[in-house]
Amino acid sequence: MLARADGRDVLVIAQKSGIAFALDPAHDGEVLWEYRAGQGGVLGGLEWGAAVDGENAYFAVSDILQPKPGGIHAVRLASGQRAWFTPPPAPVCGTGRACNAAQSAAVTAIPGVIFSGSNDGALRAYSTANGSVLWEFDTNKDFTTVNGVPAKGASLIGPGPVVAGGMVYVNSGYGAFGGRPGNVLLAFGVD
């Protein structure tokens, strides 16, 4: 992600190692800061993508095979210092190896809010100011669809939500890499 901090361009990258970096693209990728958000490893670390706004970079932690997966980190773009950390809420899908709090999906940012999907099937909106959960939706259910095809939600892994035209769109169900299968595309509006 290309962002601006302290009047210069900053390239922010996140890795499955659990480490995020800010690089200076004007100076051959010089490392400006590095930040460890997760344990890393197989299905670990920062899986599908992070997000930035004018102040912070936001990293959702997978660490799906670790004893304590999940969590969201906000890191100051200018310094690489933690702005806040929100531990993962208890899984909404119950217990078991396939139901855990890993936050493997890419993060999506809009002004004042970041969206993060979780392996437990929950889509959550977090405040960019302090990391508090503003809204949560449990996708672990059957849905009536507009085309009549049976659909069910489960793990949110992979791409992050898309925000466009006052709507939030997210796919639910990912049956590989420690996730639970499903097949629904959900659309949320303000009303």
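The values are calculated or read from the model by the stated rules, or taken from the named source; none is laboratory data. This structure is a prediction, so every number in the text was calculated from the model and none was measured. Here the Cβ positions follow ideal geometry from the backbone for every residue, glycine too, while neighbour counts run over all protein chains shown.
Among the residues making up the range 120-138, a single one is assigned to a loop (DSSP other than H, G, I, E, B) and among the β-branched types (Val, Ile, Thr): THR128.
Counting just the residues of the range 119-139 that are polar (S, T, N, Q) and at pLDDT 95 or above, which one comes out farthest from LEU46 (Cα to Cα)? By that ranking, first place goes to THR139. Entry remark, the range 82-119: residues being small (Gly, Ala, Ser) and outside any loop (DSSP other than H, G, I, E, B) number 4 in total.
The set of residues in the range 26-80 that are under 12 Å from the mean Cα position of the chain (by Cα), of a type in the set (Phe, Trp, Tyr) and at pLDDT 95 or above comprises TYR58, PHE59. I want to confirm something. Restricting to the range 81-101 and keeping residues that are over 14 Å from the mean Cα position of the chain (by Cα) and among the aliphatic types (A, V, I, L, M), which single residue is surrounded by the fewest Cβ atoms within 10 Å (Cβ to Cβ)? Once the filter is applied, the top-ranked residue is ALA90.
Just a yes or no: is a residue in the range 139-147 surrounded by fewer than 20 Cβ atoms within 10 Å (Cβ to Cβ), in a strand (DSSP E or B) and charged (D, E, K, R)? Among the residues of the range 139-147, at least one is surrounded by fewer than 20 Cβ atoms within 10 Å (Cβ to Cβ), in a strand (DSSP E or B) and charged (D, E, K, R), which makes the answer yes. State whether the residues of the range 113-123 include one that is in contact with a Ser or Thr (Cβ under 9 Å, 6 or more places away or on another chain) and either without any contact (Cβ under 8 Å) to a residue 24 or more places away in the chain or surrounded by fewer than 22 Cβ atoms within 10 Å (Cβ to Cβ) (or both). Scanning the range 113-123, I find at least one residue that is in contact with a Ser or Thr (Cβ under 9 Å, 6 or more places away or on another chain) and either without any contact (Cβ under 8 Å) to a residue 24 or more places away in the chain or surrounded by fewer than 22 Cβ atoms within 10 Å (Cβ to Cβ) (or both), so the answer is yes.
The number of residues in the range 148-185 that are surrounded by 18 or more Cβ atoms within 10 Å (Cβ to Cβ), under 23 Å from VAL113 (Cβ atoms) and more than 17 Å from the chain's Cα centre (by Cα) comes to 2.
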